[in-house]
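Notes to accompany the following structure.
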Amino acid sequence: MGILASLFDGVLVGAVYGLAAMGITLIWGVMNVINLTHGTMIVAGMFAVYLLAGAAGVPVYATLPLILIGGFLAGVAMYWIAVHRLVGQPPLMSLLSTFSVNLVLIGLGTVVWGTDLFNVPVSLPGLSLGHYTFPGTHLMAAGLTVAIAAALYVFLNRARIGKAVRAVSGNREAAELVGIPTRRVLALSFGLGVALACVSGMLIATMFPFTVLSGDPYLLKSFVVTVLGGLGNPVGALVAGIALGLLEGLATPFMPVSWTPVIEFVLFVAVLIAFPGGVLGVLGLRGTRPH
Amino acid sequence: MSALLEVEDVSRRFGGVQAVRALSFSLAEGSILGLIGPNGAGKSTVFNLIDGVIAPDQGKISFQGADITAQPPYRIARLGLARTHQIVQPFMTMSVLENCTVGACFGRENLRLEHGRQAAREALLQVGLDDRSEMLASQLTIAGKKRLELARALAARPTLLLLDEVLAGLNATEVEHMIAIIRAIRSRGVSILMIEHLMQAIMTLSDRVVVLASGAKLAEGLPAEVAADPAVIEAYLGDPGLADPRHAGQP
Amino acid sequence: MTVLRRPFVWVIGAVLLAFVLVPAYGNNVELRENLLLAALYITLASSLNMILGYAGYVNFGSIVFFGLGGYLCVWLMSAHGWSLFVATLAAGVTVSALALLFGLGILRLRGAYFALATIGVNEAVMAFVANFEPWGGSSGIYLSPELFQPLGGPARALWTIYYLMVGVMGLSLYLSYAVKRSKFGLALRAIGQNEDAAAALGVVTPRYKAAVYSLSAFLPAVAGGLYFFKSAFIQPPDAFDLQLSTEAIVIAMLGGQGTVAGPAIGAFLYEQLRGWLLTSPAFSHFQLVIAGTLLLAIVLFAPGGLMGWLYRRWPGLRRILE
């Protein structure tokens, strides 16, 4: 692809990165917990669409609401099992607990599916501009991402429950004093974060092949996007995701893909050191929780 | 007497709230300065600004003539400034002695471990915790934890001590004891800047008082002057939490 | 020397003696290999414990020290003809220095951010090495058998390496112990309990964190040099196996993070468990699942690990074992 086409495709794919990152940034911003199962839950979304569309014959994009709900339920369960007891303790503890759940999930995943490559075939007409055809799946994924992001924005800022989420993330003790059922809000937020991860996985699966171990690179990307966009800031995540996609689009014609983790990692550390509040945080766009 | 601590025109906002507004005051060496004001007046923010936990948006803070504005807390501690916290923060799984030893080893004098332990024991003696030096910090009562917080700051043998509501949550006897300890600290040459809600205590202990309201300085002067200032009385009228139960009904 | 009066130093000595004498008696090569792995795990876990258990900073990518140390040592020996002893030491020092530089930058980040950065560092270094031709790229480096000659041939060399590894293990235990009792260790533990309070008391937190990060790199790097020299072959996935990092964390938590004996005992137990799991046809695939469940159970119900539980039941034990 030419450089422009590569950039445009980067924007499309980057949007989905942003969606993935929203899952992490929401949980992190609300309860100061870093969900290390995030990458694996993205993979769970991938396998979910593979099984539902492949084995059960559900039309690919119709699986989205199913995966959203399934992911939400899984997230809530995970919260009550592994996170609930550790809220308020040093972050080390929740880091280790989500890490251990992740180990279990990967272990089970490799037992069932090994390290084979999987694919979700989707036939969707692409968009042709000049010499280049943009895959329909990329366009669809980006479009759905924007829709979901908009819905999330409305939820957090207009819906009562959404405002409760923001209240709890701002000041948990104050929210409790006002009568907000904080535990349930935390469980809901965690469920939402995992649901976002699963849905982004579903969309990624329509675009690229995957294995059980594909979670790690997307986990790293999600972290990069989160720190770029500012903690707890879903809008920032979307913008930063697109920026990352652009960066990848810029780099891939010139560099073998195996260098990507190195670049992303360097970017990640550089941004963290230079902008502890996230790049967008510096620009004054606040998220749900300024740290 | 030269000013030990000089706060000049310091301001700080958080999002939409102007927490501290063009604040200026100075603390003379060897004196006790009280910092009072209704809840939300910005007192703890002032401490955080002096201590280096947060940086002011504008203004300058000097300690012993050196500019400490926006310096990190550990550098300021090394210069001889120690503080206690309103919500006590002991090192829970370490013993009382170990807690104080941290203060002694990394403060102004930067002592070696053995000497630090010695200084720590002295500090514990000063606050009356020497009989519990081997207890884990988590096992102390709230009053004990408050004394530990104070001992830990003292162990560093600071030149200036910032006390943040060190009397809060204590009963009448404990308050008397703590007041005596604070007097003893001052008589050893340590200057003190203290935030306190207990009016009786702050009026008897302080040489001078600064009153904050809504982030700005409302009044400054001798305790008696400030207590008689109509603006100060007005600022407090809406805040019943200020009443010292032993002097209920008196102005 | 007052150090000899400390009971724990004698405990370390006894452990070292056991490691040295037991396989030597009867020339038991299989046992030696088993104990070599145990010694390696103990080294990795003890070193990790200094930053994890004392300072409370999770280093998810601690294996990067092991891998880099291995690569440096193997490369120095095969491409530049350095002797084993000098090469391992050079590897240790270099990796420590790199860790210090890197740590000064990255440890300005607070707890969770730092942990995240370490997740990426292992992947990034592995990707880099896999593309780095002078180090064999993704094919790795093979060591020719001649390199074993200065050590008296392969059979004797394996024994020498074993004793060296046991020595490294002993050093890691002693280092962990000495740090804990020092002023440095006091600062680390204060940081681990409450970093802000520690800073307010004058602990220059970024410096101490970088220092312990660097220190925790030294012995794993040396161990890496020894291990990969012995294997005569090194390649990126073996050198930077994230699973080993994970296991080190599980071990430190299992045995009791923040204690000196904990990681050692945890490493020994875990290594035996792992060996049994690998050979058991039913469970070999469930290694990760078991590790994960174990870690979750510890974090939720027994965050002090084995030693934490023991010390609560028998407080007197703390005086001997640390």
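The values are calculated or read from the model by the stated rules, or taken from the named source; none is laboratory data. Here the structure is a predicted model, which is why all the values come from computation and not from measurement. Don't worry about glycine lacking a Cβ; one is built from the backbone with ideal geometry, like all the others, and counts go over all protein chains shown.
Observations, loosely collected:
- Single unsatisfied condition, residue C:287 versus (1) at the interface with chain A (Cβ under 8 Å from one of its Cβ atoms); (2) polar (S, T, N, Q); (3) within 16 Å of residue C:58 (Cβ to Cβ): (3)
- Within region B:1-22, restricting attention to residues that are surrounded by fewer than 18 Cβ atoms within 10 Å (Cβ to Cβ) and of a type in the set (Lys, Arg), the residue that is farthest from residue B:65 (Cα to Cα) is B:13.
- In region A:181-226, the residues that are within 14 Å of another protein chain (Cβ to nearest Cβ) and either among the aliphatic types (A, V, I, L, M) or under 16 Å from residue A:73 (Cα atoms) (or both): A:212, A:213, A:219, A:220, A:224, A:225
- Of the helices (runs of 4 or more DSSP H) contained entirely in region C:140-252, those carrying at least 3 residues that are more than 17 Å from the chain's Cα centre (by Cα) fall at C:153-180, C:183-193, C:195-200, C:205-231.
- Test: residue A:91 is more than 14 Å from every other protein chain (Cβ to nearest Cβ) and modelled with pLDDT under 90: no
- Going through (1) part of a helix (DSSP H, G or I); (2) in contact with a Phe, Trp or Tyr (Cβ under 6 Å, 6 or more places away or on another chain) one by one, residue B:48 falls short only on (2).
- Within region A:113-126, the residues that satisfy the criterion of being loosely packed, with under 13 Cβ neighbours inside 10 Å and without any contact (Cβ under 8 Å) to a residue 40 or more places away in the chain are A:121, A:123, A:125.
- Top-ranked residue in region C:191-216 [being farther than 16 Å from residue C:53 by Cβ and more than 12 Å from chain B (Cβ to nearest Cβ); ranked as modelled with the highest pLDDT]: C:214
- Hey, residue B:89 within 8 Å of chain C (Cβ to nearest Cβ) and modelled with pLDDT under 90 or not: yes
- If the condition is being hydroxyl-bearing (Ser, Thr, Tyr) and either in contact with a strand residue (DSSP E or B) (Cβ under 7 Å, 6 or more places away or on another chain) or facing another protein chain (nearest Cβ under 9 Å) (or both), then region A:99-132 contributes A:100, A:110.
- One residue stands out in region B:206-251 among those that are surrounded by 15 or more Cβ atoms within 10 Å (Cβ to Cβ) and on the phi > 0 side of the Ramachandran plot: the one that is modelled with the highest pLDDT, namely B:221.
- Residue check for residue A:270: more than 12 Å from chain C (Cβ to nearest Cβ) and either crowded, with 24+ Cβ neighbours inside 10 Å or not in a loop (DSSP other than H, G, I, E, B) (or both): no
- Some residue of region B:138-159 being touching a Phe, Trp or Tyr at 6+ places or on another chain (Cβ under 8 Å), among the hydrophobic types (A, V, I, L, M, F, W, C) and away from chain C (no Cβ under 13 Å): no
- Search result, residues across region B:62-76 that are surrounded by 23 or more Cβ atoms within 10 Å (Cβ to Cβ) and either in a strand (DSSP E or B) or more than 8 Å from chain C (Cβ to nearest Cβ) (or both): B:76
- In region A:66-83, of all residues being of a type outside the set (A, V, I, L, M, F, W, C) and under 17 Å from residue A:26 (Cβ atoms), the one that is surrounded by the fewest Cβ atoms within 10 Å (Cβ to Cβ) corresponds to A:79.
- Of all residues in region A:1-52, those being of a type in the set (A, V, I, L, M), over 21 Å from residue A:137 (Cα atoms) and touching a Pro at 6+ places or on another chain (Cβ under 8 Å) number 3.
- Some residue of region C:281-296 being part of a loop (DSSP other than H, G, I, E, B), in contact (Cβ under 8 Å) with a residue 12 or more places away in the chain and of a type outside the set (D, E, K, R): no
- Residue match in region C:259-270 (condition: surrounded by fewer than 20 Cβ atoms within 10 Å (Cβ to Cβ), of a type outside the set (Gly, Ala, Ser) and out of contact with any Ser or Thr (no Cβ under 6 Å at 6 or more places or on another chain)): yes
- Restricting attention to region B:77-86, the residues being outside any helix (DSSP H, G or I) and within 7 Å of chain C (Cβ to nearest Cβ) number 1.
- On the stretch given as region A:196-222, residues that are at pLDDT 85 or above, assigned to a helix (DSSP H, G or I) and not small (Gly, Ala, Ser) total 12.
- Among the residues of region A:10-21, none qualifies, meaning not one is over 30 Å from residue A:248 (Cβ atoms) and either surrounded by 21 or more Cβ atoms within 10 Å (Cβ to Cβ) or away from chain C (no Cβ under 14 Å) (or both).
- So residue B:108, is it under 24 Å from residue B:168 (Cβ atoms), among the charged types (D, E, K, R), touching a residue at least 40 places away in the same chain (Cβ under 8 Å) and within 11 Å of chain C (Cβ to nearest Cβ): no
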